[in-house]
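The values are calculated or read from the model by the stated rules, or taken from the named source; none is laboratory data. It should be emphasised that the depicted structure is a prediction, and the values quoted were computed from it without experimental measurement. Cβ coordinates were reconstructed from backbone atoms using ideal geometry, including for glycine residues, and neighbour counts include every protein chain displayed.
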């Protein structure tokens, strides 16, 4: 049987999400729009990374060059938004106000929002559209059952290669997230077969770990480079950072255990297939 052109359809869907949130950001640097457009960009990037091995086609250099630049600039605002979000419950739990750190984040956020507004105005909206034209031109080669089967082979191979990244959790998170996007592009019940639930849980854990790492790095930077040691908050932040580091290590270890378990399952399944 023939399947829909799942790559083209998903590209069109994410292109709509991108354009919708770009329009929102032109009006004001909305936090949710920043998150949604960055997710859309990551999905568009993943689609291209699947398209190349699936079709054997070579793209021009840096096809998402301007869009990736926008992604990086928006990431600055996103990181500070996340830091403020993480700080709020820590204030309640610790009983400390962390007023100086909060004020520092707020001042950084103000500047990051300005950068967001400038980057959005400069964005070439036709860049993504040009790639859509390319994908539409290849649509006939992306519609058949063989293309889906080849995608499943690519996913399995990329999952097995994930073991090489277990000592590099940031790269592991990016790699597994890309695979999760691919899995969710598959038609019918195939996402369930390709461990969508497990991948979602692992990437969520690694995403939370990464957010905490960003917060810790920003907090240490502020404390060491800006905050006078005579302030009570200096010692309070040291305590906070020490405890947060311990908790984040536990979170990372949990994510890595889940990853090893998943990769073992995938390897055993492939071994059984080879023997059957």
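Anything in the stretch 51-76 that is at pLDDT 80 or above and not in a helix (DSSP H, G or I)? List them, or say none. Full working, then the answer.
Restricting attention to the stretch 51-76, the residues satisfying the condition of being at pLDDT 80 or above are 51-54, 63-76.
Within the stretch 51-76, 63, 64 qualify.
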Problem set entry | the stretch 98-131, subset free of Cβ contacts under 8 Å to residues at least 24 places away in the same chain and more than 30 Å from residue 62 (Cα to Cα), residue surrounded by the most Cβ atoms within 10 Å (Cβ to Cβ) | 102
Exercise. Could you say which residue among 92, 82, 52 is without any contact (Cβ under 8 Å) to a residue 24 or more places away in the chain, outside the structural domain of residue 154 (by TED's automatic domain parsing) and over 30 Å from residue 148 (Cβ atoms)?
Worked result: 92
Exercise. Taking the stretch 262-276 on its own, how many of its residues are loosely packed, with under 12 Cβ neighbours inside 10 Å and modelled with pLDDT of 95 or more?
Worked result: 1
Exercise. How many residues are surrounded by 18 or more Cβ atoms within 10 Å (Cβ to Cβ) and either under 19 Å from residue 260 (Cβ atoms) or in contact with a strand residue (DSSP E or B) (Cβ under 7 Å, 6 or more places away or on another chain) (or both) if we restrict to the stretch 184-197?
Worked result: 2
Exercise. Which condition number does residue 195 fail, the rest of (1) over 19 Å from the mean Cα position of the chain (by Cα); (2) at positive phi being met?
Worked result: (1)
For this session: Consider residue 36 carefully, then state whether it is within 30 Å of residue 239 (Cα to Cα) and either outside the structural domain of residue 183 (by TED's automatic domain parsing) or modelled with pLDDT of 95 or more (or both).
Result: no
For this session: Would you mind stating whether residue 239 is assigned to a helix (DSSP H, G or I), loosely packed, with under 12 Cβ neighbours inside 10 Å and outside the structural domain of residue 92 (by TED's automatic domain parsing)?
Result: yes
Exercise. Can you name every residue in the stretch 148-206 that is outside any helix (DSSP H, G or I) and closer than 24 Å to residue 38 by Cβ?
Worked result: 168, 186
